[in-house]
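Working notes, structure below.
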């Protein structure tokens with residue numbers, strides 16, 4: 001026989017005691033309890049009903065959180081200490097490569113470096129220093145500087161190593177002495193022995209309108225510096241003199257040690273190709289035992305001698 005509950009009948013659920021939680025022992029729920037005999041009621045706070053295993057897990061979690069916090073503080077302290085050690089407040093010592101034969105101008109370079117750091121305060125941290133940009137900045141003020149890099153530090157002062165340009169030729173116009181290195185860069189301050197090659201300027205490029213300064217292009221200087229360096233390394237002998245003939249702005253005549261003739265060159269040509277032509281003509285004259293007053297290699301693919 002099946003009895004159905006009528007609509008008016010109430011559910012035969014047990015009556016709850018005062019303060020009892022209706023969900024304490026609901027079906028399909030995990031029961032949380034304790035083996036303690038001190039539990040007085042089913043509605044006792046759940047925090048007081050934790051098992052030993054749960055308490056152990058929570059204790060381990062608190063320990064991990066504490067260890068993580070201490071590790072984070074240690075990493076932060078180390079990072080701050082590292083940043084303080086990397087911060088540059090000024091310039092320490094300045095060394096030069098190669099070693100100079102005359103007194104260098106430390107104060108001038110120190111001033112330029114400090115000016116750069118003032119314009120780029122974030123680069124006072126040595127790991128953030130852009131050495132290429134610093135090199136460009138200092139070379140604008142001091143063209144004789146070829147390179148610069150940080151070489152250690154002490155007491156928040158960075159030590160710098162400066163690479164200087166060595167001249168392969170020099171020329172003088174009025175009271176102004178200028179130099180050019182093997183890369184064709186012109187500068188006015190030389191810390192090394194005077195170069196053996198003296199440029200004789202007969203072109204008339206230095207005039208009153210230029211204020212007594214030589215009027216030469218960067219292209220001219222690059223060609224001249226590379227030409228002298230390549231000739232010196234070619235086995236032909238070292239260049240002892242270079243001259244700019246009168247009324248010309250692109251021709252350079254050079255004299256080579258041990259050669260009775262001079263060589264006419266032109267800045268529109270490649271320096272390496274020019275030197276190869278000089279070697280071929282010089283070799284031909286030596287082989288045929290011919291004498292000449294000059295060699296003309298101003299035109300690519302052709303060479304003349306007289």
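The values are calculated or read from the model by the stated rules, or taken from the named source; none is laboratory data. Predicted model, so just to flag it, every value in this text is computed and none were measured. Quick reminder, even Gly has a Cβ in these numbers, built from the backbone with ideal geometry, and neighbours come from all protein chains shown.
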Going through the range 138-147 in order, the residues found to be assigned to a helix (DSSP H, G or I) and either assigned by TED's automatic domain parsing to the domain that holds residue 229 or surrounded by fewer than 18 Cβ atoms within 10 Å (Cβ to Cβ) (or both) are 140, 141
> For the range 118-127, does any single residue satisfy the condition of being under 30 Å from residue 252 (Cα atoms), more than 15 Å from the chain's Cα centre (by Cα) and not assigned by TED's automatic domain parsing to the domain that holds residue 229?
Replying inline: no
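Sort through 79, 108, 155 and tell me the only one that's out of contact with any strand residue (DSSP E or B) (no Cβ under 6 Å at 6 or more places or on another chain) and modelled with pLDDT of 85 or more. Can you show your working first?
On the way: 79 fails: modelled with pLDDT of 85 or more; 155 fails: modelled with pLDDT of 85 or more.
Step by step, each of 79, 108, 155 is checked, and only 108 is out of contact with any strand residue (DSSP E or B) (no Cβ under 6 Å at 6 or more places or on another chain) and modelled with pLDDT of 85 or more.
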All conditions in (1) assigned to a loop (DSSP other than H, G, I, E, B); (2) modelled with pLDDT of 90 or more; (3) out of contact with any strand residue (DSSP E or B) (no Cβ under 9 Å at 6 or more places or on another chain) are true of residue 230 except (1)
All-but-one check, residue 273 against (1) under 21 Å from residue 302 (Cα atoms); (2) without any contact (Cβ under 8 Å) to a residue 24 or more places away in the chain; (3) in a helix (DSSP H, G or I), failing number (2)
Residues of the range 148-187 being in contact (Cβ under 8 Å) with a residue 40 or more places away in the chain, part of a loop (DSSP other than H, G, I, E, B) and within 18 Å of residue 228 (Cβ to Cβ), in sequence order, are 166, 182, 183, 184, 185
One residue is enough: does the range 282-294 have a residue meeting the conditions part of a loop (DSSP other than H, G, I, E, B), at pLDDT 90 or above and touching a strand residue (DSSP E or B) at 6+ places or on another chain (Cβ under 7 Å)?
yes
Filtering the range 82-105 for residues that are at pLDDT 85 or above and part of a helix (DSSP H, G or I) leaves a count of 0
